[in-house]
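Below is one structure, written out as structure tokens, with a few remarks after it.
A short reminder: the numbers here are calculations on the coordinates, not readings from a lab. Given the structure is predicted, the values throughout are model-derived calculations rather than measurements. Quick reminder, even Gly has a Cβ in these numbers, built from the backbone with ideal geometry, and neighbours come from all protein chains shown.
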Amino acid sequence: MKKAFIKSLFFMVIMILMSPLIMAECGDVDSNGTINIVDSLIVAKYYVSMNPDNFDSSVADVNNDQRINIVDALLIAQYYVTLIDSLSCAEPVSDEPLWRGGPYNLNGTSDYADVPEEMISGLKDFTIACWVHLSQIDSWSRIFDFGSSTDIFMMLSPSTGSSGNPYFAITLTGNDGEQGIEGDIKVQANVWQHYAVTKKGSTGILYINGREAGRSESINLAPSDMGPTNNNYIGRSQWSHDPYLKGFIDSFSIYNRPLSYAEIGELNSQKPVEITAGPTPEWTPGPTAQASRSFWSLDITKSEMEASAWFQLNATLAQEGQHCMVYIQEGRQVSSSVVTTLINEFDSNIWNSVTNNFGTPVDVDSNEKIILLLMDIRDGYSPPNNSSYVGGYFYGIDLYTNSQLRGLGYPSFLQSNEAELLYIDVYPNNPSSADFRSTVAHEFQHLVNMSVNTIKEGGNNTPVWINEGFSMAAEAIYEKVSILRSRESWYDNDPLMTGAGGYPKDSAKSITAGYPLVIWNPYPSNPYAVFNNYSLSHLFFAWLRIHMNSDSFFKEIMNSRDNGVGSIISVCSPVIGSEVDSFNKMLGHFWMANLLGGRGKTSGLDSYNGKNRHTGPQVYNGGNKSIQLYPGGSMYFNNLSLNNWSPSGGGSQISYAVGNINTLNADFTAPYGNNNYGSEILLVYNNESSGSRLGTSAMLPQVLFEPNQYQQFTKVSGAGAGTDLDIPPEGLRKGREPLDLELSPPENW
């Protein structure tokens, strides 16, 4: 049967050559007149030429007498013919892509690009194509990875860990559910190569350099099946431990249809300019910057009001950028390439993400630049006895001159560096990590916050829980995510209640036991309790940011004279509605969003609009004990444990609401709902917006309570991708401001 097919096919080609008026039944024809007939049944390659000048030995094997050899090859029968214009049957690329990005220069440590969610959410049949120039080949790096988690994603890796070949996959259930295509060739470094993935129905094809490198007839999933995707990365993986892609990506294009073989070939012919050398830094050390200088710093293991806590260190200017200068402590080594990356990232991304959304800093030293002091912060880090460390901090007195500090009555040993300065740890913190740069964004917001609210406006310092929430929002904006996974996971696992991650249990100080939102670090005797504050503050402002659907509201709050809850309400209620026109209402919907959003609610104010992954919260059962709820704290009770008790009492500070975990509805009017035992959860919270440590609280009347018994809901369908144990290490305690004093701006500032 194969022989008969080959004969008839050969006859067709001869007829084409003999009669230019015959229209060919052809596959794809390129601009050189090469007809490519693609069929999985064909295992032959032919070469035909009526003119020796057209001979092309790369197309097929041909004897000296121009006789055709049949070559045992797979998938492709290729004919070379001399065509007139009327014979062409190619389909040139005519449609513009749905989205195009690049060129991108990716450093392999932190750089990546984002594709807007709306470009992915509606895709069914598609083509994704781009040029890639790898500087190095790392297993499981990503050309792209679109999704929402390590369970829901669609990705293309240039090299897998097993075969080292390119691999495309899409899944809704993690690695075990992948529908994939593996390429049949290995990629190369330091050359441009073209990649394209197409999907039509259940057929997926992976092209490399214009040729089919892999195919699957079982790609039944489409990007539209993944639901909301807020992690649409180019050059980065959903998995935090996978390497970032190092190299260049150009002409990254998304089409909402499968391109033909000829159209892929046309894209493959549009090769970018060859890369001859790597980029050079745009900014070099300026003539006015001090090559080396001394800085005052703090031993954080001591009280800042002790003279012995203060010391001077020498540092050398490593590099200078448009918006920052990097000094490195003498005796500490940070490579020039890492410093270059940090400066480029600050100038290109961190500066804009913070100043555009929060405000601009003061300029104490009149150089319009931020000093990044890379140093070993004295934080007591000494494993295995003490594995806790401070990743970085901003110190408010640096925005004042020393003469101003003396005029305000501060002791002489307390010295300002008289500069916009961020202290960033390099031991054990890793200067080349993405988290290191997020720390810089976090601390930069603290600097801007004090610049705007305390100095420019002459107001009081922003409450710490709001200031820290803003700094974590700055991280999220910089990282282009809705929620920081580590903070969300801390809430989900509640380690002080469960002992997750090896943290020592201290259930009375857990989130489940009503840990306060608005009081910062109320239990300083427990060094881990402050992680509860970071988690809750971040989630509160992440929830607000999602429902405000904009990041500009942070700057509006910053620019108001009221730096507290009042400004949050006045800015947010006109946008969201009357449901948040008081802190009581706002707090109730936030705590309800953690309950119902964790059970799968993906729309409305009592959710995170599907962007959260945490299951939370923990729910107490059994026992009998009176408890105190501190400002902003909440607790959840299953109706089965309430035994028909209709909650009341605690004064006006205590509010009640009921959430139904089956219907995903909330009731803020009836304190006990419909007595739907087993499906209704009672939310009790303290609606106070301020408090000094634990000095303000309200007692609940004999609530059924037992610290050692709790219930955690399991993730239900639609609630996200499940919980993985991604609890932050000790070094993620960012934003510590050592001097916990109210600084009043000097007169005539």
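Full extension of the chain between Asp225 and Glu579 gives 124.2 nm of extra length, using 0.36 nm per residue less the Cα-Cα distance. Among the listed pairs Lys124/Lys246; Lys199/Lys271; Lys456/Lys555, those with a Cα-Cα distance over 21 Å are Lys124/Lys246; Lys199/Lys271.
Need one word for the stretch 344-486: rounded, prolate or oblate. Basis is the Cα gyration tensor (sqrt eigenvalues a ≥ b ≥ c); a/c below 1.5 gives rounded, then a/b vs b/c decides. It comes out oblate by the Cα gyration axes. For the pair Arg257 and Ser202, the difference between a 0.36 nm per residue extended length and the Cα-Cα distance amounts to 18.5 nm.
Given a Förster radius of 30 Å and the C-beta distance between Gln270 and Ile185 as r, what FRET efficiency does 1/(1 + (r/R0)^6) yield to the nearest 0.05?
Numbers: r = 21 Å, r/R0 = 0.69.
Given R0 = 30 Å and the Cβ-Cβ separation, E is 0.90.
Each label was represented as a point 7 Å from its Cα along the Cα-to-Cβ direction; for Asn402 and Tyr427 these points are 2.7 nm apart. Ordering of 338-348, 383-393, 402-412 by packing is 338-348, 383-393, 402-412, highest average first (other Cβ atoms within 10 Å, averaged per residue). Spin-label model, Glu96 to Lys124: label points 7 Å out along the Cα-to-beta-carbon direction sit 2.4 nm apart. Each peptide in 305-318, 415-428 receives the mean, over its residues, of other Cβ atoms within 10 Å, and ordering these scores from highest gives 415-428, 305-318.
Each listed q (0.20 Å⁻¹) maps to a log10 I(q)/I(0) for the stretch 350-397, found by the Debye formula over equal Cα scatterers with no solvent: -0.85.
Here the calculated FRET efficiency for Ala307 and Asn549, from their Cβ-Cβ distance with R0 = 56 Å, stands at 0.65, rounded to the nearest 0.05. For the pair Asn175 and Lys505, label points projected 7 Å from Cα toward Cβ lie 3.2 nm apart. Between amide H atoms placed 1.01 Å from N, distances below 5 Å from Ser141 occur with Ser159, all of them 5 or more places distant or on a separate chain.
Please express the shape of the stretch 155-255 as an equivalent ellipsoid: the semi-axes are the square roots of 5 times the eigenvalues of the C-alpha gyration tensor, given largest first in whole angstrom.
Sorted largest first and rounded, they come to 20, 17, 14 Å.
Given the Cα atoms of the stretch 98-177, and with Rh set as the inverse mean 1/r over their pairs in the Kirkwood sense, what is Rg to Rh to two decimals?
0.94
Once you charge only the Cβ atoms, +1 for Lys and Arg and -1 for Asp and Glu, what is the size of the charge dipole of the stretch 352-442 about its Cα centre, to the nearest 20 debye?
The calculation lands at about 140 debye.
Taking the Cα centre of the stretch 109-217 as the origin, how large is its charge dipole in debye, to the nearest 20, when only Lys and Arg (+1) and Asp and Glu (-1) carry charge on their Cβ atoms?
400 debye
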